[in-house]
1. Under a cut-off of 25 Å between alpha-carbon atoms, report the lysines in cross-link reach of Lys265, not counting same-chain residues fewer than 8 places apart.
2. Considering only protein heavy atoms and a 1.4 Å probe, what is the carbon-and-sulfur percentage of the accessible area of the chain?
3. Out of all DSSP beta bridges with both ends in the chain, state the antiparallel percent to the nearest 5.
4. Quick check on packing: order 102-109, 43-50, 12-19 by the mean number of other C-beta atoms within 10 Å, highest mean leading.
5. Add +1 for every Lys or Arg and -1 for every Asp or Glu among the other residues with Cβ under 13 Å from the Cβ of Asp120, and state the total.
6. For the chain, what Kirkwood radius comes out of the mean inverse Cα-Cα distance, in Å?
7. Taking the Cα-to-Cβ direction at Ala136 and at Lys265 and moving 7 Å from each Cα, how far apart do the two end points lie in nm?
8. Can you give the accessible area per residue of the chain, in Å², using a 1.4 Å probe?
Amino acid sequence: MNDIQIVDVSARDGLQNEKNAAVLSAADKAAFIRMLAKAGLKRIEAGSFVHPKVTAMANSGEVAELLTPVEKAFPQAIFSYLVPNLKGLERAKAARAKEIAIFLALSEKFSKANINQSVDESFVAIAPVIKEANAAGIRVRGYISNLFGYDDLPFSPAAVAKRSKQLIDAGCFEISLGDTTGIGKPEMVEPIIVALKAEGVSLSKIAMHFHDTFGSAIANVDRSYALGIRTFDAATGGLGGCPYANSPKGNLAMEDLVAWYQKKKLHCDVSDIAALQRAAAFIYKKLGKTAA
Ligand code: HMG
Ligand code: MG
């Protein structure tokens, strides 16, 4: 029995912000994802069915196709795909996705730049996507970005909690709260937890998605765990970030997350650090990246 769940976002959130990622073939990506599954990861974001202007993700359909034998070899692994709208859902269905992730934000500025919608518009427009996905047997994760605020958005735990409840009520099985720019500090986690509880949101449905821009991701994980959060997103090799945010630095590195839980003597089956390092080395080489 695992004490924590880990979601690997390196092949999506990681690669979408790597400047050379568009050169990666679908076969390279599928080989990388296979290595992640071999390292013990059970939840892996494999791509995005967004506008093809996000060139790093444009071959996600082909990646999904190539993952069919990987799904057979690692039947406990679930591959997830980012979906912004009904068109994306159609592509996810065609790829026989079992899980999608919808992604909304709290900042008007970020939302407009990211998905060309206001915050209110986006929460209305996504409801039929969630409903149709669930009806097709595809489970839906919901991302909420700007957890700790943004240029135009003050820190607002109540808004985070209200929007989380809204997405759970709409049919998301889990909400991943994104510190998109990595500005969070451990002391900012508790007000979020208090607000979620006040809104009646079970912490078992919440994941934390930290970026490591200012080096506080592990401290934020540690505080979140102490307060009852059990699911964390991380990117193998600390790849990526978000091209639509101000500070597109890397995600929390998987290797740091594994070292953290091992130090705390927690159990999780993502324990093969050497296998994770091999996966990171493989993709770094393909990207022409030198240092982790
Ligand atoms: P838009 O231009 O407003 O869309 O983009 P539209 O509905 O007006 O359509 C324009 C064209 O796009 C049409 O084609 C559509 O068919 C096409 P045309 O008729 O001109 O030939 N189109 C699509 N094509 C393929 N797949 C689709 C799709 N939808 C429309 N799904 C849209 C709106 C949302 C599509 C676009 O802005 C978009 O794709 N944005 C996503 C960008 C992205 O990948 N962002 C992820 C950033 S990471 C993040 O959000 C944070 C996170 O990591 C957590 C955290 O750290 O906080 C999740
Ligand atoms: Mg992110």
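1. Lys38, Lys42, Lys185, Lys205
2. Carbon and sulfur together cover 55 percent of it.
3. 5
4. Details: 102-109: 22.2, 43-50: 26.2, 12-19: 23.8.
Highest to lowest by the protection proxy: 43-50, 12-19, 102-109.
5. In short, +1.
6. 18.7
7. Roughly 4.7 nm, to one decimal.
8. Numbers: 11920 Å² over 292 residues.
Result: 41 Å² per residue.
The values are calculated or read from the model by the stated rules, or taken from the named source; none is laboratory data. Owing to the predicted nature of the structure, the values given are computational and were not obtained by experimental measurement. Neighbour counts are summed over all protein chains in view; Cβ atoms, including those assigned to glycine, are modelled from backbone coordinates with ideal geometry. Accessible surface is based on the protein model in full, side chains and every heavy atom, while ligands, DNA and RNA are left aside. Shrake-Rupley method; radii C 1.70, N 1.55, O 1.52, S 1.80 Å.
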